[in-house]
Amino acid sequence: MKKLSMFIAAGALLLMAACSRDLGDYDYKEVPDPVVLKLVDSTFQAMVGDSLIITPEVKLASGKANYSCHWKIMVSDEMRSYEYDGKSLRMVFGLGAKYYPALMILTDSSNGMKYFYNFGIRVIQSLPKG
């Protein structure tokens with residue numbers, strides 16, 4: 001019985017120590033957003049069956065080029081998205097002629113921050129309807 005009360009007392013002390021006040025001794029540094037040119041809020045034209053190449057200009061605050069990009073093209077008719085990796089989007093566009101919303105996810109490799117940029121792709125037919 002004496003051992004049980006000792007274990008209960010030790011457990012209570014541990015719980016009280018775990019709930020001690022946080023001193024808030026943190027140094028936060030503001031991380032500036034990267035500058036992305038030739039992409040943000042843009043709509044790109046593509047033709048059915050033709051190559052689509054999108055290469056944005058990315059400038060990180062660190063001045064380095066250690067980043068990665070993940071691209072998503074949303075296809076609402078099929079309820080899914082086509083996803084690609086690389087600093088530029090390079091694909092043969094085989095989807096139908098219409099507007100497709102898209103997203104580029106930029107990951108800064110030096111700190112792991114992710115940034116999201118929306119853009120669109122308007123696809124036109126190479127042959128006229130007839």
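Taken together, the values in this text are just the output of simple stated rules run on the coordinates, not laboratory data. The structure displayed is predicted, hence computed values, not measured ones. Because the Cβ atoms are built from the backbone with ideal geometry, glycine has one as well, and the counts that use them run over all protein chains shown.
What angle, in degrees between 0 and 90 and rounded to the nearest 10, separates the Cα long axis of helix 2-18 from the longest principal axis of the Cα atoms of the chain?
Orientation of helix 2-18: about 40 degrees from the principal axis.
Let me know the number of lysine pairs in the chain closer than 30 Å at the Cα, not counting same-chain pairs under 8 apart.
Going through the chain pair by pair, I get 25.
Grab the Cα-Cα distance for V40 and M113, subtract it from 0.36 nm times how many residues apart they are, and report the gain in nm with one decimal.
Full-extension gain reported as 24.5 nm.
Which whole-number percent is the relative contact order of the stretch 35-124 (Cα, under 8 Å, 6+ apart)?
37
Calculated from DSSP H runs of 4 or more alone, at -39500 (n - 2.57) each and per residue, what is the 222 nm mean residue ellipticity of the chain, nearest 500? The partial results should precede the final answer.
Values: 1 runs with 17 residues, N = 130.
When only DSSP H runs of four or more count, the value is -4500 deg cm²/dmol.
Cα atoms only, the chain: Rg and Dmax in Å?
25.7, 94
How many times 2.2 N^0.38 Å is the alpha carbon radius of gyration of the stretch 47-116?
Taking N as the residue count of the stretch 47-116, the ratio is 1.25.
How charged is the neighbourhood of A61? Take every other residue with its Cβ under 14 Å from the Cβ of A61, and add Lys/Arg as +1 and Asp/Glu as -1.
The answer is 0.
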